[in-house]
Structures are given as structure tokens and as C-alpha cells.
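Take a look at the structure set out below.
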Amino acid sequence: MTVLARTVEATRRYGDVLALDRVSVDIRAGELVGLLGPNGAGKSTLINLFVGLRRPSSGTVELLGGSPSDPAVRRGIGVTPQETGLPEVLRVGEIVDFVSSHFPRRAAKAELLDRFGLGDLVKRQIGGLSGGQKRRLAVALAFAGRPRLVFLDEPTTGLDVEARRALWDGIKAFHEDGGTVLLTSHYLEEIEALAERVVVVGHGRVLADDTMRAVRDVVGVRRVSLDAGELPELPELPGVAAVEREGGRVHLMTTDPDRLVVELVRSGAPFSGLEIRPTSLEEAFLTITAAKEHAHV
Amino acid sequence: MSSLILAHARYQALEQIRVPIGLLAGGLFPAISMLAFAAPFVGDDPAASTLSMGSMMLIGGMSAALIALSISVAQDREQPWNPYLRTLPAGPLPHFAGRLLTAMALMVVSTIPVTLVAAIFTEADLSPVRLAGMIGAVLAGSVPFMLIGLFLGLMLPSKAAIAVSQILFFPFAIVGGLMLPPQVMPGFLNVISPYVPSRGGGELVWWAAGGAAPAALPLVVLACWTVVAGVAAAWAYRRDEGRRFS
């Protein structure tokens, strides 16, 4: 399969801050890739490298066989602006015309606006649109140049359920016609609804790059916490991916909390204050990676 | 490429036109100066009125170039829309050419109030050929100020751009001989006057207004300022590119 965009060992620093740390990712033609991770994980920096807004401090970034800093190469991509920055005094139709004028292959304006439920608003000034309408306009602009590859950064943040589903349908339709999508979100639900492949980033690293199903299983990690003075046999408990101690409190990361609790009780070890909580995405992935690295040492 | 420049100019112009007070602001100060300082003293003298009108037109042009442009560039840079523009398949040329075209259109608009005041209250020569020549000279003389405006807008946050562009504007206007003609300026000002770009611009405009042919030194200085300001603006653009933390 053709690779449309890739980074090879890309590192990006902002002063002392390491935003991306030797990241290698391939985006292949026809894929719908979800980029998942908490705020500050490096998602935006990775997108900025792909769309030519930033250059890597080291490593390489390739887009459609060329460099993202070449405007001619960027004719094949579409990007969503942040809806808070849309020029307020322009009309919806004018901004679509302006963005389209940059591309050799243009989407028909009426059809594009209809697809995102903005057909009646061509003459409306952007400042008079609701937040949701601005959001949809921002996403529509990514498709104005009939791109091969679109980068959608948090496309449905702040939308109600109905508008979100409508947008998802629009993205799916583009993908079914052969379009390639890189989608960022910090909502697992959104990635689940759309993506086939998921890249999870955290602290500037790729923590996982796998199918949706595989990532969902990892995200299913639970944290079992309990007060126990002495549990020397803990590592031998089944299905425990990682153990953390915090004073007298022990935290066990596991994909099967039910079985773990049964085993704990069977072991006869005294404990109190039992608590089972879902982990955040970040916790789940850091746990798994930490466990993996530990196993390698 | 030229269609992209037009698309950017159209987009910039729409933004300006939708906030019409901004169009008037640049032309108002020179028109009032014309009314208060030129009309009562030289209003009866056609040649002197035309020269004064030329100085005031250039002041309006300089303010559109230096103040308005630096503020709008600095403000746009603070909007999240700006990085999006950089992802569109166009280099910096269409964007900045579009801005300069719009700034030039603004300059032409800013000459209207002065011209009206001159027509009503003075004997200034307002033949179309004369006016066209003067507007052309204003545009040519304002080029370094547009580039300085770009440079300031790309270097400074908008609040600083507002202050710095105004602080620079008045000394340029005064030392260039636009507020008081060089003939009545104090001696020390006349010594440094040829070295500011506003003097070269002034000489061009006065020539177009029927005055003496420009001296060589101010024109050479004007060309030097244009080159230096152009290099500085290009440098500031590149510096800005890798700057923002996002």
C-alpha cells in the first residue's frame, strides 16, 4: 500500500521541552487512522509536522512523496482550522471561495456546504454562526480542495450528539470514496466510531500503534487498590501488568479485575479498603509500556 | 500565482471593508491638518496649497502603511487562523502581496478626505493628471513604510505594534518635512532630514505636485531604506515561522 505520509525518527523540541521523541509513523493510502492521547501528549506537534507548520528538530517528515514545506505538495491535503479563529466578518461562501482558490481540484461549494449541513448559511457572516456551525464550517474547509489526505484535529469537540453523528457520517463517506484520514481526539468514543487503526501517543512517544480492537483491550485495564501490609507473593497473582506502592497502599493494574480479586481472597492474605477503578488512557498505556520495558531489561 | 494574489487581496479587502471606520481613520488626521494648518495660511496660493496637499496625502499613506499594516499583521498573527493559512498550498508571496495591494488601496482611499478639504478650502491644483501623479508618488514613497510595517507586525505583539508604529510615525513625518516644509525647518532637522525615507517620499510627492525636481541624496536613501526594510521583513517572516509554541 502506498504511504501518503510518514515520519522517521522525528524529534521536535521547543526550547527545553521535548514535544516529540523519535516518532516513526506511516499513514497509508485509504486508511482512517485515529491519533489518540491526552492533551500535551504530542498529537498537535505531530500534525504540525505533517502539514508543514513545523520542521522536525531531527529526523524526517515526508508528505505525498515530498516535503510538507513545499506548497505544491500541500495541494493534496486538507486541514481543519480552529473554529475560534475563523475570520468573523467574512461570509460563509466567501471563506469557502477563498480556501478553494488555493486548490486545482475544487469541491462544488453548494454540495460541500450541504454535506456539512451549512447549505442555508452561504450568505451568513461567520461571526453570526453558532459554535457548532463554526465547527462544521471548519471541518468542511478541510475538504474544499478535494484532498487525498485530510488532517482533522479534534473535529467534533463541543458539538451535540446529533451534529457529531452527522460529521462522523461525512468523514466516513469521504473515507469510503477512497480518502485517507488522520483524526485526532482525546475522546476514545470518537476514535472507536471512526478509526480502523489507532496510534496512541503520550509524553512525545508512540505508546501503541495497532488495530482498534487491540487498543480497546489495552484500554480495558483496571486499577485494583487495597491496603495491605505484607503481600510478598503479589507478583505471582494472575493478570497483573504492573504494581505500584504508595505507603501502605498497593495499586495493581490488571485486565481482569474479577479474577484478581478472587485470587486475592483465596490467597488468604489480609487486606482492606478494596477499590476498583477504570484507568485513564494515559495511565493504561504508561502502565503497559512500563511493564514491557521492565520485561525487556 | 497571480490569481492567488488576487484571492488574498480580495480576502484582505473584504475584512477591511466590513469595518468601514478603519478606512476613514487613516485619512482623517491629514484632512484635519490640511484644514487647520494649510488652508488658513497658504489656501490662496495654488502652488503652496498643492504642495501642502501632497505632504498631507503622504502622511495619510504612511499611516496606512506603517500603523495600520503593522497592527493588522500583529493582530492576525495572534489568531489561530494564521497557522491555518500557512497550511494552505501557497508560499508567503500571495499572502504578503495581497496585504500590500490592500494597504495600497487603503492609501488611495485615505487621500480622498484631504483632497476634498483641499478642493473646498484651498486653491490647490486638482486636475486629474496632477492628482494621479501625486497618488502614484504617494504609493511609491510609502513602499519602505509598508515593509517597516510588515517587519514590526511580524516582530511585535499587537499592543506593542500599536505603540511602536505611532512612536516611529511622528518623527518620520516631522523630520521628513511633511508637517513643516523643509524651508522653515530648524537647521539641525534639515541636516538629518535627507536620511529618513519620508524625505525621499516627500520629494517625489512635491515633484508630482509641481514643485522642484527631487535631490539625488534623499532618493538614494529612500531606495536603501526600501532594500533594508525588505530584507528585515523577510527575515522577520522566517523567524516567525518556527516561533510559536503549539
Which value, in debye to the nearest 20, gives the size of the charge dipole of region B:2-241 about its Cα centre, when Lys and Arg are +1 and Asp and Glu are -1 at the Cβ? 620 debye
Find how many whole Å separate the alpha carbon centroid of region A:140-176 from the alpha carbon centroid of region B:1-62. 45 Å
Computed over the Cα atoms, what is the radius of gyration of the protein assembly as shown divided by 2.2 N^0.38 Å, N being its residue count? 1.29
Give the order of A:PHE50, B:PHE145, B:PHE188, B:PHE41 when sorted by the count of other beta carbons within 10 angstrom, beginning with the fewest. B:PHE188, B:PHE41, A:PHE50, B:PHE145
Amide H to amide H under 5 Å from A:LEU4: which residues, 5+ apart in sequence or cross-chain, H placed 1.01 Å off N in plane? A:ILE27, A:ARG28, A:ALA29
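Given a cut-off of under 8 Å on Cα pairs at least six residues apart, what relative contact order in percent is computed for chain A? The partial results should precede the final answer.
Working: 568 pairs, mean separation 57.4, N = 297.
So the answer I get is 19 percent.
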Toward the positive end of the charge dipole of the protein assembly as shown, about the Cα centre and with charges on Cβ (Lys, Arg +1; Asp, Glu -1), which of A:THR2, B:LEU93, B:SER193 goes farthest? B:SER193
Cut-off under 5 Å, modelled amide H: who pairs with A:ALA208 long-range: A:VAL200
Shape category assigned to chain A from the gyration tensor of Cα positions, a/c cut at 1.5: prolate
Over the Cα atoms of region B:2-241 the radius of gyration and the largest Cα-Cα distance (Dmax), both in Å, equal 17.8, 57
Which helices count as membrane-span-like in chain B under these terms: full DSSP H, at least 30 Å along the axis by C-alpha, Kyte-Doolittle mean of 1.6 or more? B:128-155
Net charge near A:ASP21, counting Lys/Arg +1 and Asp/Glu -1 over other residues with Cβ under 12 Å of its Cβ? +3
Using the count of nearby Cβ atoms within 10 Å as a rough guide to exposure, how do B:TRP206, B:TRP235, B:TRP81 rank from fewest to most? B:TRP235, B:TRP81, B:TRP206
Let a ≥ b ≥ c be the square roots of the eigenvalues of the Cα gyration tensor of region A:222-278; is it rounded (a/c under 1.5), or, if not, prolate (a/b larger than b/c) or oblate? rounded
Which order do B:ILE112, B:ILE120 fall in if you start with the one that has the fewest other Cβ atoms within 10 Å? B:ILE120, B:ILE112
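Each reported figure results from applying straightforward, stated rules to the coordinates on display, with no laboratory input. Quantities reported herein were computed from a predicted structural model and do not represent experimental measurements. Reconstructed Cβ throughout: ideal geometry from the backbone, glycine too, with neighbour counts over all protein chains shown.
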